[in-house]
Amino acid sequence: MALIILTGVLLCSCYTPKIKILGHGGMGYSNFYPMDSEKSIIKCLRSGAAGVEIDVQMTKDSVLVCFHDFELDSKTKAEGPVNAYTYKSISDLVVRNYLVFGYPIIALDSLLSGIKNVKDFYYTFDCKLKSANDQTDAYYNAYINCLINTIKRFDLQNNVYIESQNEKFLVLIQKQNPELKLFIYPESFEKGFEIANKNGFWGITISLNKITLEQIDLAKKNNLKVAVWNVNTKKKNREAIMKNPDCIQTDRVKHILKLLD
C-alpha cells in the first residue's frame with residue numbers, strides 16, 4: 001500500500017499540465033476499433049485526450065488517407081502499398097478488427113470534416129512515405145502540397161504536429177511553411193537531437209525506451225519538444241509520465257487519463 005501511495009505522489013509531483021495526451025491511432029492497438037479508423041479516432045477525442053496521432057499515407061491520385069501499415073496485405077484483402085491505388089479503389093476496402101467487423105479506410109479530409117469542434121484538439125500526423133515507385137521530389141512535393149492544403153483548409157496550423165523519419169521530407173515542408181511544427185523520428189536520441197538542432201525542427205518523436213529523463217531535459221533546454229510513443233501498457237504509461245515529455249502517444253488512453261485525473 002505504501003508503494004502505491006508513493007507512486008501516486010511521484011506521478012502527481014512529476015506531471016505538469018503541459019504534457020499532452022494523444023491516443024495512438026485513436027484508442028490504440030488493443031482497442032475494439034482498428035487503428036486509424038474513424039470510430040477509434042472519434043472515441044479517443046471524446047475520451048478527454050488532448051488529441052490523437054494519425055498515420056497518414058497518400059494514394060496514387062494524391063489523396064491523404066488514414067492507414068497504419070505500409071502494405072495493405074495485413075489488414076485488408078488488397079496487396080501492396082497504399083500509393084499503388086486510387087482513393088476510390090481504396091475506399092471500397094475495409095480494415096478488419098480483432099473480430100469480424102470491418103471499417104472503411106477514411107480520407108484525412110473526410111475525417112477532419114466529421115470532427116465536431118475540430119480546432120479544440122491536437123493532431124500528430126505520422127507521415128508514412130511509401131510509394132509504388134521510387135520516392136522522388138515530385139512524390140514528396142505532391143504529398144506536402146496535400147498536407148499543407150489540408151492543414152490550411154481546417155485552419156489547424158497551431159494544432160498539428162508533423163512527424164517523419166525522413167529528414168529531407170521535413171526540410172522540404174519547412175521550405176514551404178517554416179511555421180509548421182516538425183518532429184524528426186530518429187533511431188536514437190543522439191541522432192534526433194543532432195538533426196533537430198541542425199534544421200531548426202520543432203522537436204523529436206521517439207520510442208519511450210530509447211530516451212531517458214535526462215535526455216528529455218536536455219532537449220527542453222535546447223528548446224526542442226519531445227513526444228514519446230510505444231507507450232502500450234499501464235506500466236509504460238506511468239514511466240512516460242515520470243519522464244515528463246511534452247507529449248505522450250499512448251495505446252492505453254483511458255488508463256493514463258485516469259492516472260492524471
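The numbers here are math on the coordinates, done by the rules we state, and not lab data. Worth saying up front: this structure is predicted, and the values here are computed from it rather than measured. Note that each Cβ is placed from the backbone with ideal geometry, even for glycine, and that neighbours are counted across all protein chains shown.
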With no solvent term and unit scatterers on the alpha-carbon positions of the chain, Debye gives log₁₀ I(q)/I(0) at q = 0.10, 0.17 Å⁻¹ of -0.49, -1.38
Net charge dipole size for the chain [Lys, Arg +1 and Asp, Glu -1 on Cβ; Debye, nearest 20]: 780 debye
Residue by residue, what Karplus-based ³J(HN,Hα) values in Hz, rounded to whole numbers, does segment 158-168 have, using 6.51, -1.76 and 1.60 with θ = phi - 60° and x for Gly and Pro? 7, 10, 10, 10, 10, 10, 7, 7, 9, 4, 4
Express as a percent, rounded to the nearest 5, the fraction of DSSP beta bridges in segment 20-259 (both residues included) that run antiparallel. 20 percent
Roughly how tilted is helix 2-14, in degrees to the nearest 10 and between 0 and 90, from the longest Cα axis of the chain? 60 degrees
Please go through the residue pairs K39/K236; K18/K243; K20/K119; K198/K236; K60/K175; K181/K225 and name each one whose alpha carbons sit more than 20 Å apart in this structure. K39/K236; K198/K236; K60/K175
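So what is the relative contact order for segment 180-261, in percent, with contacts set as C-alpha pairs under 8 Å and at least six apart? Don't skip to the answer; put the middle values down first.
Working: 127 pairs, mean separation 19.0, N = 82.
Answer for segment 180-261 is 23 percent.
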Which loop GluC sites (Glu not before Pro) in segment 170-210, with loop taken from DSSP, have no more than 11 other Cβ atoms within 10 angstrom of their Cβ? E179, E187
Taking every alpha carbon pair in segment 184-261, what does the distance histogram look like in 5 angstrom bins from 0, in percent? 3, 17, 30, 22, 15, 9, 4, 1
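State the antiparallel share, in %, of DSSP beta bridges confined to segment 35-163, rounding to the nearest 5.
DSSP beta bridges in segment 35-163 are roughly 45 percent antiparallel.
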